[in-house]
Amino acid sequence: MILLQTLSTSDGQQAVDSLALMEGASSSDIGLLELLIKGGYMMIPLYLLFILAIFIFIERVITLKKASKTPKGMIDQVKMMVQSGNIEQAKMICQGEETPVANMISKGLERIGSPLKNIEVAIENVGKIEIYKLEKNLGLLATVSGAAPMIGFLGTVAGMIRAFIGVAQEEGMVSPKLLSTGIYEAMITTATGLVVGIIAYLGYNYLVTQVSKLIHNMEYTTIEFIDLLQDKK
């Protein structure tokens with residue numbers, strides 16, 4: 001009987017200890033927000049770069065979507081007006097559309113009567129300005145994609161230095177918890193920098209692809225317009 005009581009008491013104590021360990025583990029779980037805060041002051045520029053990347057991406061997507069809305073009917077109407085000699089009406093149609101293609105064709109219509117080479121040069125000059133507008137801030141987004149991981153790595157190095165300074169200042173046995181806490185807090189900045197860099201890099205590549213499509217459409221429409229003027233002559 002005494003043996004059974006001892007075993008039952010031992011089992012009960014083990015269960016209580018296991019439950020206490022589980023409660024301690026669950027209470028020590030760190031949330032995402034708390035984890036990000038533990039990254040230190042180097043997280044501030046990473047947050048700012050993340051906000052900047054998101055802002056540039058959204059602003060460029062809206063701009064490119066507006067720039068790509070050139071109705072096919074508008075191009076057909078302009079062709080009909082040019083073929084019939086109604087140049088003023090064709091200009092009014094282009095001026096009603098605030099798109100790169102419409103601006104380029106409008107400039108070409110203003111130069112009708114000049115040599116064909118001069119018309120081509122005028123359209124190309126407007127095209128360069130429109131391309132510059134389309135590519136605005138893309139270089140800044142590319143900079144964010146490269147700078148964020150480096151800033152994150154710099155934060156990790158600084159955090160590791162602080163962690164080892166703290167270890168060096170400890171007297172006696174160094175607690176593994178002290179060292180591991182300093183290391184994982186330092187690594188947070190590298191992980192955050194990589195996430196921000198990847199997001200900015202993917203956004204940059206997507207926007208470059210969309211700009212390339214728009215430039216191709218601008219070139220194709222310009223060639224059609226120049227061919228139309230050449231046939232008209």
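The values are calculated or read from the model by the stated rules, or taken from the named source; none is laboratory data. Predicted model only: the values in this text are computed from it and were never measured. Don't worry about glycine lacking a Cβ; one is built from the backbone with ideal geometry, like all the others, and counts go over all protein chains shown. Side chains are part of the model used for accessible areas, which takes the heavy atoms of the whole protein and leaves out ligands, DNA and RNA. Shrake-Rupley method; radii C 1.70, N 1.55, O 1.52, S 1.80 Å.
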Review point. If you check ILE112, ILE93, which single one turns out to be β-branched (Val, Ile, Thr) and open to solvent by less than 40 Å² (accessible area, probe 1.4 Å)?
Key: ILE93
Check your understanding: Between residues in the range 115-138 that are over 27 Å from GLN230 (Cβ atoms) and residues that are open to solvent by 30 Å² or more (accessible area, probe 1.4 Å), which pairs lie under 7 Å by C-beta distance while being six or more apart or on different chains?
Key -> LEU138/TYR204; LEU138/VAL208
Check your understanding: Tally time: how many residues in the range 65-114 are under 39 Å from the mean Cα position of the chain (by Cα) and outside any helix (DSSP H, G or I)?
Key -> 8
Check your understanding: Mind checking whether some residue in the range 219-233 is open to solvent by less than 80 Å² (accessible area, probe 1.4 Å), out of contact with any strand residue (DSSP E or B) (no Cβ under 7 Å at 6 or more places or on another chain), over 21 Å from GLY40 (Cβ atoms) and at pLDDT 90 or above?
Key -> no
